[in-house]
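The values are calculated or read from the model by the stated rules, or taken from the named source; none is laboratory data. None of the values given here were measured: they were computed from a predicted structure. Neighbour counts are summed over all protein chains in view; Cβ atoms, including those assigned to glycine, are modelled from backbone coordinates with ideal geometry.
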Amino acid sequence: MASSSAEEVLVLYGSQTGNSEAAAEQLSSLLPSKLSTSDNRTLTSRCMHLDDFLELEQAKWTRLVIIVCSSYGVGQAPIGARKFREVCDTILERFGYDDTTNDGKNNNGDKMLTGVNYALLGLGDSHYTTFFRNPTAFENALSSVGATRVGELGKADASGTGNMEQSKVIERWIDSIWKDLQPVIDKPMTEEEGLKLKKAHEQTWKLCLELYKEWKQTNYFALIGLFLPLGGVIVGILVHLYLHGYTWGN
């Protein structure tokens, strides 16, 4: 595949109190200046909810994805990540979890998310027995279906003190993750990599439509919405012609 002029990296998050969102936005804003390519590609970044990635983007994976997410309540997903958690739970129910693939160096062959590389920063509070349960569910599900974790699994504890204070852990993780991300985007994406990402998108979106059948209808209305502006232009032209004395027929 010929190198394109741009490559996008998605920064996806779920956040209950705003801490994960703030970290995700910081990562997204820093990314274009922290990473470089070996050719003339321009790196771009978009930041969005994990659930919006599934529904609005129809799970169109990029080669590199950065995920920032916390746990909420008793190990549940926070705002903006609840459907993503349901997808991860479904993956674990169907495919199981093999901890031998969970070291960031998996070789899962031709699986659902083979070709997707992700970095994961998790937030939580160790005062709760369900500390880190939601980020762990993400990690287990993604790695079990072929995605490869890049860099250290970040664990930022709201109950941490001193050097382990949550904000300090987040900053250290952000400062150190770039060296691990750089090799992923160093080289232009090959045709084989592109085909793997296409498969990852198709299979993830298929699973989403199984779980959320109403999304089919939502996308139908979104398609109609694309044509409404065009319809408005046509009506405007017809009104303009009528007001200026143009008539049709006899």
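Looking at region 32-47, which of its residues are free of Cβ contacts under 8 Å to residues at least 60 places away in the same chain and in contact with a helix residue (DSSP H, G or I) (Cβ under 9 Å, 6 or more places away or on another chain)? Lay out the reasoning, then the answer.
Just the residues of region 32-47 that are free of Cβ contacts under 8 Å to residues at least 60 places away in the same chain, to begin with: 32-33, 40, 42, 44-47.
Hits for region 32-47 are T42, T44, S45, R46, C47.
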Exactly one of S176, S143, S159 is in contact with a Lys or Arg (Cβ under 7 Å, 6 or more places away or on another chain) and of a type in the set (S, T, Y), and that residue is S143
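Looking for whichever is modelled with pLDDT of 95 or more and over 27 Å from M112 (Cβ atoms) here; the options are S45, S29, S36. Which one fits?
Numbers: S45 fails: over 27 Å from M112 (Cβ atoms); S36 fails: modelled with pLDDT of 95 or more.
Of S45, S29, S36, the one residue that is modelled with pLDDT of 95 or more and over 27 Å from M112 (Cβ atoms) is S29.
Residue-by-condition table, conditions (1) in contact with an Asp or Glu (Cβ under 6 Å, 6 or more places away or on another chain); (2) of a type outside the set (D, E):
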site	(1), (2)
F138	no, yes
L142	no, yes
A147	no, yes
E152	no, no
A156	no, yes
S159	yes, yes
G162	no, yes
S167	no, yes
D175	no, no
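Looking at region 28-44, which of its residues are among the small types (G, A, S) and surrounded by fewer than 21 Cβ atoms within 10 Å (Cβ to Cβ)? Walk me through it before giving the result.
Initial filter on region 28-44 (among the small types (G, A, S)): 28-29, 33, 36, 38.
Correct list: S29, S33, S36, S38.
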So the strands (runs of 3 or more DSSP E) completely within region 1-85 holding 2 or more residues that are hydroxyl-bearing (S, T, Y) are 42-49
